[in-house]
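Working notes, structure below.
Quick note: the coordinates plus some simple rules give every number you see, no bench work behind them. What you see is a predicted model, and the numbers here were worked out from it, not measured in a lab. With ideal geometry, Cβ positions are generated from the backbone for all residues, glycine too; neighbour counts draw on all protein chains shown.
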Amino acid sequence: MSRRKIIAGNWKMNLSLTQARQLIADVRDQASDYECEVMIFPSFVYLTDAVNLLKESEVKVGAQNCSEKESGAYTGEVSAAMLSSVGVEYVIIGHSERRELFGETNEVLKEKLKVALRHPLKVVFCCGEPLSIRQANQQEEYVSKQLEESLFALSDEDMLQVVIAYEPVWAIGTGLNATPDQAQQMHAFIRNKLSEKFGKSIAAQTRILYGGSCKPENAASLFDCADVDGGLIGGASLQAKDFISMIQSV
Ligand code: PGA
């Protein structure tokens, strides 16, 4: 089964409006003849601009988070329905920074998944273990629990709208990426778990991205692995040249 690879840029809380517009224009105008699906995840406040600037382009726009609530008195929150209404197509759910710094539990993430898919956004669902868990060689048990307690509540139909990103926490923003062997091993494990829960066909269709210190120098060796279907890229997605070079390399 051939899966179309994805190169996705998670901009996190970075860039001014002028810089964001410039980066969007560079990606739109300079990346050409690529085979992968390209996505960018700017801050909420730049999403409308991004959607407008990318109207005639293949580049997809996503948000970095959404509320688990439908609507109402939740000051400061942004709902899935709002994102959908401005033309956003994807949302990241379960990034380790949201889990760690903002206390998002597997239970909350299960609710976010449901509300996002209902609206209907496509989801990039993140999972991955912290360093202490990797050192204790318990990464498979840890990631299993993240999948079982959030993702496995979905129907088969909803699961087809989800992309998974495996992002070992110890590799995010540290410059220390997982080796291709470590990534492949975990991706194969995740695909096998998907197969047990959702069946072989859905498991074979689901794209599983690697994230954590991806850059042009290591991208090809990671993305060449059989079960690695592209990358969720943080720091290197803020540099047009680096991001485009990764787009062109897959
Ligand atoms: P990084 O971040 O590429 O800067 O390590 C990846 C991510 O957090 O999605």
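General remarks:
- Single residue of Ala220, Ala226, Ala240, Ala204 found to be surrounded by 15 or more Cβ atoms within 10 Å (Cβ to Cβ) and more than 13 Å from the ligand (Cβ to nearest atom): Ala240
- Residue match in the stretch 85-108 (condition: of a type in the set (Asp, Glu), under 30 Å from Glu129 (Cβ atoms) and out of contact with any helix residue (DSSP H, G or I) (no Cβ under 8 Å at 6 or more places or on another chain)): yes
- Selection within the stretch 79-100 - aliphatic (A, V, I, L, M) and either within 12 Å of the ligand (Cβ to nearest atom) or in a loop (DSSP other than H, G, I, E, B) (or both): Val86, Val88, Ile92
- Looking only at the stretch 167-197, and only at residues there that are acidic (Asp, Glu) and under 26 Å from Ala153 (Cβ atoms), the one that is farthest from the ligand (Cβ to nearest atom): Glu196
- The set of residues in the stretch 70-95 being buried (at least 22 other Cβ atoms within 10 Å of the Cβ) and of a type outside the set (Val, Ile, Thr) consists of Ala80, Leu83, Tyr90, Gly94, His95.
- Flag if Leu23 is part of a helix (DSSP H, G or I), over 18 Å from the mean Cα position of the chain (by Cα) and within 16 Å of the ligand (Cβ to nearest atom): yes
- Condition check for Ala226 on (1) under 16 Å from the mean Cα position of the chain (by Cα); (2) part of a loop (DSSP other than H, G, I, E, B); (3) under 24 Å from Leu151 (Cα atoms): one failure, at (1).
- Here is the figure for the stretch 207-217: residues that are buried (at least 22 other Cβ atoms within 10 Å of the Cβ) and away from the ligand (no atom under 11 Å from the Cβ) total 1.
- Any hit, the stretch 171-182, residues being crowded, with 21+ Cβ neighbours inside 10 Å, farther than 24 Å from Val27 by Cβ and β-branched (Val, Ile, Thr): no
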